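Structure record follows, encoded as structure tokens.
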2 protein chains.
Amino acid sequence: MTEPTFPPLMSGLAVTGSADPFETACNRAIVGCDAGLVVYNTAADRLSAALVLTPDVPLAKAVAMLPLCAIGLQNALGALAPPEVAVHLEWEGGIRLNGGRCGSFRMAASDNTPEVEPRWLVVGFFLPLLILGEGGDRPDETALFEEGCADVDPVRLLESWARHTLNWIARWEEGGNKPLHAEWRGLAHGIGEVIEVQGHSGVFLGIDEDFGMLLRDETSTRSLPLTLLLET
Amino acid sequence: MTEPTFPPLMSGLAVTGSADPFETACNRAIVGCDAGLVVYNTAADRLSAALVLTPDVPLAKAVAMLPLCAIGLQNALGALAPPEVAVHLEWEGGIRLNGGRCGSFRMAASDNTPEVEPRWLVVGFFLPLLILGEGGDRPDETALFEEGCADVDPVRLLESWARHTLNWIARWEEGGNKPLHAEWRGLAHGIGEVIEVQGHSGVFLGIDEDFGMLLRDETSTRSLPLTLLLET
């Protein structure tokens with residue numbers, strides 16, 4: 001495997017075997033690494049990676065980095081996968097490839113208080129490359145190489161994700177949530193459908209300005225903040 | 001003074017008094033800080049800052065970060081200064097405001113071998129805000145506040161520099177040197193003029209693809225690589 005190269009504001013750190021880049025990234029962030037560390041694991045059957053960020057905004061705003069990083073992956077797949085492969089993003093972080101579940105994004109921060117600027121925020125994802133064992137158990141799950149993407153090199157995909165994510169961070173700095181919002185809405189999975197999310201069910205109407213989910217049930221429309229997705 | 005805010009891939013570190021952010025950034029990089037550290041000093045009479053980068057390309061290519069960061073400052077001044085203020089950039093790192101010398105950029109790397117990927121690269125600048133003492137000694141020198149920019153807030157300028165630099169890094173990752181090259185040529189000071197640079201004199205014809213200076217003397221045209229500017 002060739003080593004991935006990253007933009008000058010990012011540094012790569014490879015982990016192997018069963019090591020989870022998300023956990024490694026959080027641990028590094030806790031002991032005080034700087035922003036831009038990309039921890040990654042390019043195993044034979046899955047690609048996983050996590051990026052350490054240091055947003056200078058309150059957490060309620062900073063969580064926009066989750067959809068931002070997911071859009072980065074969609075853009076990277078758009079550049080490297082065959083054009084007929086459809087990539088959609090679930091509000092909760094899930095990745096959909098041709099409609100099937102195919103990995104997900106997650107995030108954690110130094111402090112989960114929405115009003116407080118976090119010391120660090122880690123956004124990570126995993127993307128299955130192959131379905132190991134019996135695929136029949138979970139017929140709605142898929143993997144990258146099962147969806148006509150066997151020629152996509154995971155290392156190139158990782159590099160492209162980092163570049164597209166950097167690009168979106170630059171656009172977000174320049175234009176705020178608006179361009180990100182527009183891009184995300186075009187990629188969102190399940191808008192207009194009845195869904196169940198974080199213990200609530202209703203019609204997924206769309207997102208508010210901070211990427212909160214607008215969910216309408218029989219009685220009212222509520223907004224579920226993206227901070228709900230923060231792991232502890 | 002309000003504290004500057006930086007994009008999520010950058011972390012700020014303030015130094016004060018006579019501390020030079022460039023030296024601090026190099027020292028931090030030597031002991032192993034990650035990319036994206038912005039060390040800055042917002043003194044009353046000058047703004048200075050330095051950015052730590054970890055380019056995954058050989059140094060001969062990575063030195064493009066010097067003109068890139070300088071373009072970031074020109075863009076920031078373009079956004080914050082009155083429109084009639086002209087900012088130009090010297091090949092050697094000098095900043096020109098309305099034609100007058102007004103601070104400069106510099107860079108240093110972990111290793112000055114052009115073919116080797118450096119462990120780190122630091123690009124920094126200083127920008128005088130006020131001319132202290134007798135200005136008459138150096139009539140070709142100026143300062144930001146002397147050039148109709150007294151309303152430019154140095155902290156906002158620093159933030160804007162960081163954002164524009166991030167933006168150019170994203171563009172550089174996407175499109176290589178070409179867009180940077182085009183932007184730089186439009187801002188270059190002294191193209192077509194006889195100049196003296198790094199002990200050589202001749203006509204400054206332009207730049208080669210790696211931002212080397214094309215210099216023509218009586219007998220030939222030589223290319224001075226940008227790596228000449230690396231400090232040791």
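The set of residues from the stretch A:135-163 being in contact with a Gly (Cβ under 9 Å, 6 or more places away or on another chain), away from chain B (no Cβ under 14 Å) and under 15 Å from residue A:78 (Cα atoms) comprises A:144, A:147. Within the stretch B:166-173, none of the residues are away from chain A (no Cβ under 14 Å), without any contact (Cβ under 8 Å) to a residue 40 or more places away in the chain and open to solvent by less than 70 Å² (accessible area, probe 1.4 Å). Would you check if residue A:81 is touching a Cys at 6+ places or on another chain (Cβ under 6 Å) and either over 25 Å from residue A:214 (Cβ atoms) or not acidic (Asp, Glu) (or both)? Taking the combined requirement at face value, the residue satisfies it. Of all residues in the stretch A:46-97, those satisfying the criterion of being more than 14 Å from every other protein chain (Cβ to nearest Cβ) and in contact with a Ser or Thr (Cβ under 7 Å, 6 or more places away or on another chain) are A:60, A:80, A:93, A:94, A:95, A:97. For the stretch B:145-158, indicate whether the set of residues that are among the aromatic types (Phe, Trp, Tyr), without any contact (Cβ under 8 Å) to a residue 40 or more places away in the chain and either crowded, with 21+ Cβ neighbours inside 10 Å or not in a loop (DSSP other than H, G, I, E, B) (or both) is non-empty. Yes: one or more hits.
Is one or more of the residues making up the stretch A:100-122 within 14 Å of chain B (Cβ to nearest Cβ) and closer than 20 Å to residue A:223 by Cα? Reasoning before the result, please.
Keep residues of the stretch A:100-122 that are within 14 Å of chain B (Cβ to nearest Cβ), which gives A:107, A:109-110, A:117-122.
After this cut, where a residue has to be closer than 20 Å to residue A:223 by Cα as well, the list is A:107.
The answer is yes, given that some residue of the stretch A:100-122 is within 14 Å of chain B (Cβ to nearest Cβ) and closer than 20 Å to residue A:223 by Cα.
Evaluated against (1) surrounded by fewer than 17 Cβ atoms within 10 Å (Cβ to Cβ); (2) outside any loop (DSSP other than H, G, I, E, B), residue B:112 falls short on exactly one condition, (2). Candidates are the residues of the stretch B:31-44 that are more than 7 Å from chain A (Cβ to nearest Cβ) and at pLDDT below 95; the one that is surrounded by the fewest Cβ atoms within 10 Å (Cβ to Cβ) is B:31. Please go through the stretch A:185-216 and give me each residue that is closer than 23 Å to residue A:114 by Cβ, in a loop (DSSP other than H, G, I, E, B) and more than 20 Å from the chain's Cα centre (by Cα), ordered by number. Listed by number, the list holds a single entry, A:199. Here the condition is being at pLDDT below 95 and of a type in the set (Lys, Arg); of A:163, A:185, it holds for A:185 alone.
Kindly evaluate residue A:76 against the criterion of being in contact (Cβ under 8 Å) with a residue 24 or more places away in the chain, under 16 Å from the mean Cα position of the chain (by Cα) and farther than 18 Å from residue B:35 by Cα.
Values: in contact (Cβ under 8 Å) with a residue 24 or more places away in the chain: yes; under 16 Å from the mean Cα position of the chain (by Cα): yes; farther than 18 Å from residue B:35 by Cα: yes.
Spelling it out, residue A:76 is indeed in contact (Cβ under 8 Å) with a residue 24 or more places away in the chain, under 16 Å from the mean Cα position of the chain (by Cα) and farther than 18 Å from residue B:35 by Cα.
The values are calculated or read from the model by the stated rules, or taken from the named source; none is laboratory data. Because the structure is predicted, anything quoted here is derived from the model rather than measured. Heads up, the Cβs are rebuilt from the backbone with ideal geometry, glycines too, and the neighbour counts pull from every protein chain shown. The protein model used for the area step is the full one, side chains on, heavy atoms only, and it has no ligands, DNA or RNA in it. Shrake-Rupley method; radii C 1.70, N 1.55, O 1.52, S 1.80 Å.
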